[in-house]
Amino acid sequence: MQYFNQLAHNKLAKVSIVITAAVFALTACQSATETPTHSAVKALAKAPEQIFHHDKLNGQKVIQLNQETWLANSENFGLMLINQQGEMVQNHAGNFESLDIRQLDKNTWFVSSVDKEAGQFLLFKVALAANAQAHKITLLNTIKPETSVIDNQCLAYHNGQLTSFWLTAQQQVEQRIVYLNQPNEQASNVLVRSFSAPPGAGACVVDDIKQQVYVAEETIGVWAYPTNPEKELSRSPIALVAPFGQIHGEIKDISLLPDGSLLVALPEAEQIQHYQTDGSKHLAQVYSVAGFTIESIDAKQTTDNNWLAAFYDDESGAYYSAVLPLTVADKSMAKQGASQLTADMQTAPVARFGDAADDPEIWLNSNNSADSLILTTDKRYGLNAYNLAGELVETIASGRINNIDVSYGAEFNGENFDFATASNRTYNSITVYKITRSGDISELANVPTSLPDVYGLCQYQSPITGDYFVFINDESGVYHQYQLDFSASQVTGKLVREFKVESQPEGCVADAQTQTLYLGEEDWGIWTIGAEPDAGTKLEPFYQVDGDVLVDDVEGLSLYAPNNRSEKYLVASSQGDDSYVVFDLAKNANQGQVVAKFNIVADVLKGIDGASETDGLAVIAAPLGDLYPFGALVVQDGRNIMPVQPQNFKLVDWRKINGLILKQ
């Protein structure tokens, strides 16, 4: 996606920037604004009232904390608390620009600002008391950038983790974790990611529920980006300059309302504009604030259900408030989304950048479960094996293997061992790996297939005959079921059944107890079919992609089925929203009952990032030593960040997932 970086340094190219931005907005983004229907400019029913004035204020932004107290910042007075009588009752001295807050409880807020003179990001806690003289402003964290200069910043707050988005003079957005409020309060400075900012990015604000950061490009418009670093970086326009929108002149500030809509401050036009952020026609209302050059904007609901906007007027050098007749929903309509879990371990990254890591499987060491292995595929190399600490212990150059699965107790040439099979796209074969009781892995055979381009794979051992089978598919939707034969001098495979889905499949898993195969058709959903070779070719729908619970592509599938307990779950990778869905199979193996949906997010203290764009996954119900007494889930991470490295795999203690299930 183009960010117009080269044009940013050329003022003569402003017209080209506008045209390029508009073309991008109208043709390249699905959620782009349509050609706007121009809204009438409304005059305020009542003139703005002054909040605070000082001859040498040089103010920047003012935010109402409650009915009695305003929070503001200034180049000459730093961070200030102002009462209803227009008196400064507390302040933290400094040359401050940029201001954002997150409320902790009725009387306490996180407050962030930038000390321009010292070039530092500052984080405070502001606690209000019944007596204004007892108000407290406590400095929690100071971060001085080493290689950048902060022009502006805004906060995001989720699950006790406070993040700041910095707009830098180097035309970058730096996303940093600046404070951990749970379980123990502590300052932090973790660079999560950095990406190109629009030229002239002057202000930002974050919607914590929708997980969007809105960035104002002063002469172009307002853009929305995902705040989740595990999401693919993209942007969509919310508001644009004329003639593609109704913005005239520079954008100085933006502010978020509780329903997710935005207020935009336009000092040259002497306007405040109100935009919805859902749908394609974003503009709601335009309000004239004639005679005022609005440098900042914020708004709070009053006790009489009006909305009181607060701003700094550069001409008079004072803070003002004005009643706006806004139509704002009672609360945000955004969905709360999936639960969030953190990983307990991550493997070393694969050796190459790009889409390399794909599918994991857990091999259980029957001698010592703590010595079990995570077998994974590197689509550009072969097989990698990791121990439960995430260390690479073995690697085999087998070619472009894609999916992998494990079976136990095979016998070949008088030797008993476990084995894995993998779909090998280099040879369009089934690669068979021998796994000894001590965990040594070696390539045993390559069983040819008649498929033109093998893709997904899973294994099945029949409880009826004891035979081993491999299900393997290609991108056209065709599935082949091969019966493996270990009785001769070499391992061979026999095609015993063929069936198909209408579009590209990949992940599958077989339940030996019920002789059922679960298979994913990436764009459609999950199907079931009998796993025995004589089960026919008719597929039964299990759960269809709905864009809410299950979001295409459907990727990895795996079964959690303890031997000594009655529960049984199917876990699926919902790649489209970077989540994982758990279906209860104990009541009905052919009908999907959703009992949990979650994302894997970063654990800052452990230095483990979240997981996104997951292809393959695997669960195991057997204990894996003392650390994972009820088994674990391992997933491929398609975007390994914090720091940016080649892809790897994340492991989650099953007890965390079971905790979500028990809440149902």
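Taken together, the values in this text are just the output of simple stated rules run on the coordinates, not laboratory data. Since this is a predicted model, take the numbers as computed values, not measurements. Backbone-built Cβ (ideal geometry, glycine too); neighbour counts: all protein chains shown.
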Furthest towards positive pole of dipole, ALA561, VAL635, TRP307, structure part the chain, Cβ charges: TRP307
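Strictly over 22 Å apart at the Cα level, which of LYS106/LYS606; LYS606/LYS656; LYS568/LYS663; LYS379/LYS650; LYS106/LYS656 would you flag in this model? Mind dumping the intermediate values first?
Details: LYS106/LYS606 32 Å; LYS606/LYS656 16 Å; LYS568/LYS663 17 Å; LYS379/LYS650 18 Å; LYS106/LYS656 31 Å.
Correct reply: LYS106/LYS606; LYS106/LYS656.
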Proximal aspartates and glutamates relative to LYS494, as straight alpha-carbon distance under 13 Å, when same-chain residues fewer than 8 apart are discounted: ASP467, ASP485
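Considering just Cα atoms, how many Å³ per residue does the convex hull of the chain enclose?
Per-residue hull volume (Cα only) is 169 Å³.
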Net charge contributed by nearby residues that have their C-beta within less than 14 Å of SER398 (K/R +1, D/E -1): 0
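In region 238-317, what GluC sites (Glu not before Pro) fall in a loop by DSSP, with at most 13 other Cβ atoms inside 10 Å? The partial results should precede the final answer.
Values: sites: GLU250, GLU268, GLU270, GLU295, GLU315; in loops: GLU250, GLU268, GLU270, GLU295, GLU315.
Those that pass, being in a loop and sparsely packed, are GLU268, GLU315.
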Neighbour-count order for ILE641, ILE435, fewest beta carbons within 10 angstrom listed first: ILE641, ILE435
Proximal aspartates and glutamates to LYS46, defined as alpha-carbon separation beneath 18 angstrom and excluding residues fewer than eight positions away on the same chain: GLU270, ASP298, ASP304, ASP313
Along each principal axis, Cα extent of region 297-406, largest first, Å: 74, 32, 22
Eligible lysines near LYS252 by straight Cα distance, threshold 17 Å, same-chain separation 8 or greater: LYS61
Contour excess over end-to-end distance, with Cα ends at ALA348 and ILE661 and 0.36 nm allotted per residue: 109.7 nm
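Which value, to two decimals, describes the C-alpha radius of gyration of region 512-664 once divided by 2.2 N^0.38 Å?
It is 1.06.
Rounded, prolate or oblate: which fits region 437-529 when a ≥ b ≥ c are the square roots of the eigenvalues of the alpha-carbon gyration tensor, with rounded for a/c under 1.5 and prolate only if a/b beats b/c? List each step's numbers first, then the result.
Numbers: a/c = 1.79, a/b = 1.45, b/c = 1.24.
Taking the square roots of the gyration eigenvalues as a ≥ b ≥ c, region 437-529 is prolate.
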Computed [θ] at 222 nm, deg cm²/dmol, the chain (DSSP H ≥ 4; -39,500 (n - 2.57); rounded to nearest 500): -1000 deg cm²/dmol
Qualifying trypsin sites (Lys or Arg not before Pro) for region 350-419 [loop in DSSP, other Cβ within 10 Å: at most 15]: ARG352
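When a footprinting reagent is the concern and you count Cβ atoms within 10 Å, what order do ILE143, ILE51, ILE220 take, fewest first? Could you put the intermediate results ahead of the total?
Working: ILE143 17, ILE51 21, ILE220 27.
Final ranking by Cβ density, sparse to dense: ILE143, ILE51, ILE220.
By average Cβ neighbour count within 10 Å, what is the ranking of 381-390, 209-218 from highest down? The partial results should precede the final answer.
On the way: 381-390: 19.9, 209-218: 21.6.
Per-residue mean Cβ counts within 10 Å order the peptides as 209-218, 381-390.
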Antiparallel bridge percentage (DSSP; both residues within region 340-662; nearest 5): 95
Global geometry of region 77-138, whether rounded, prolate or oblate, following the gyration tensor of its Cα atoms and the 1.5 cut on a/c: oblate
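Taking a ≥ b ≥ c as the square roots of the eigenvalues of the Cα gyration tensor of region 247-326, is the shape rounded (a/c under 1.5), prolate (a/b larger than b/c) or oblate?
Values: a/c = 2.05, a/b = 1.21, b/c = 1.70.
The shape class here is oblate.
Give the order of ASP278, ASP304 when sorted by the count of other beta carbons within 10 angstrom, beginning with the fewest.
ASP304, ASP278
Of all the C-alpha pairs in region 607-649, what % are more than 17 Å from each other?
Details: 387 of 903 pairs.
Of all Cα-Cα distances in region 607-649, 43 percent exceed 17 Å.
Please work out how much length the chain gains when fully extended from ASP304 to LYS42, using 0.36 nm per residue of separation minus the C-alpha to C-alpha distance, in nm with one decimal. List each step's numbers first, then the result.
On the way: separation 262, 0.36 × 262 = 94.32 nm, distance 2.11 nm.
Length difference between fully extended and current span is 92.2 nm.
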